[in-house]
Amino acid sequence: MKIRARTNAIVRARIVKGLTQRDLAKLSGLSFAYISLLERAVKPVGPATAKKISELLEQPIDNLFTIE
């Protein structure tokens, strides 16, 4: 089982919140490079990371991520 980002949804939610990738990285405690890979769905994420990002972006987790 892999959790992957819905790329358009994450980018849209981040922009609506007025955040850059670097801002989101700083707030989440993740690296800028990781956020970039996540937004392009290159890197799967763990459940805790998906939850943290969805909380920061104030979006339901299933709007931002898919389970493969």
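Of the conditions (1) within 12 Å of ALA5 (Cβ to Cβ); (2) touching an Asp or Glu at 6+ places or on another chain (Cβ under 9 Å), GLN21 clears all except one; give me its number.
With (1) within 12 Å of ALA5 (Cβ to Cβ); (2) touching an Asp or Glu at 6+ places or on another chain (Cβ under 9 Å) applied to GLN21, the lone miss is (1).
Name the residue that is least open to solvent (accessible area, probe 1.4 Å), counting only residues in segment 44-57 that are closer than 16 Å to GLU68 by Cβ and in a helix (DSSP H, G or I). Break it down into steps so the answer makes sense when it comes.
The initial filter retains those residues of segment 44-57 that are closer than 16 Å to GLU68 by Cβ, namely 44-47, 49-50.
Next, only the ones that are in a helix (DSSP H, G or I) stay: 47, 49-50.
Numbers: PRO47: 90, THR49: 31, ALA50: 1 Å².
Selected residue: ALA50.
Could you tell me which residue of segment 58-68 is most open to solvent (accessible area, probe 1.4 Å), considering only residues that are closer than 15 Å to VAL11 by Cα and assigned to a loop (DSSP other than H, G, I, E, B)?
GLU58
Residue-by-condition table, conditions (1) among the acidic types (Asp, Glu); (2) in contact with a Lys or Arg (Cβ under 7 Å, 6 or more places away or on another chain); (3) without any contact (Cβ under 8 Å) to a residue 40 or more places away in the chain:
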{"site": "ILE3", "(1), (2), (3)": "no, no, no"}
{"site": "ALA13", "(1), (2), (3)": "no, no, no"}
{"site": "LYS17", "(1), (2), (3)": "no, no, no"}
{"site": "LYS26", "(1), (2), (3)": "no, no, yes"}
{"site": "LYS43", "(1), (2), (3)": "no, no, yes"}
{"site": "ALA48", "(1), (2), (3)": "no, no, yes"}
{"site": "GLU55", "(1), (2), (3)": "yes, no, yes"}
{"site": "GLN59", "(1), (2), (3)": "no, no, no"}
{"site": "ILE67", "(1), (2), (3)": "no, no, no"}
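Looking at (1) closer than 13 Å to GLU58 by Cα; (2) assigned to a loop (DSSP other than H, G, I, E, B), find the lone condition where ALA41 falls short.
Checking ALA41 against (1) closer than 13 Å to GLU58 by Cα; (2) assigned to a loop (DSSP other than H, G, I, E, B), the one that fails is (1).
Quick test for you: out of LEU27, LEU19, pick the one residue that is open to solvent by 80 Å² or more (accessible area, probe 1.4 Å) and hydrophobic (A, V, I, L, M, F, W, C).
LEU27
Quick one: in segment 1-38, of everything that is under 11 Å from LEU57 (Cβ atoms) and of a type in the set (Val, Ile, Thr), which residue is nearest to the chain's Cα centre (by Cα)?
So the residue we want is ILE10.
The values are calculated or read from the model by the stated rules, or taken from the named source; none is laboratory data. These numbers were taken from a predicted model, which means no experiment stands behind them. All Cβ positions, glycine included, derive from the backbone under ideal geometry; neighbour counts span all protein chains shown. With ligands, DNA and RNA removed, areas are computed over all heavy atoms of the protein, side chains included. Shrake-Rupley method; radii C 1.70, N 1.55, O 1.52, S 1.80 Å.
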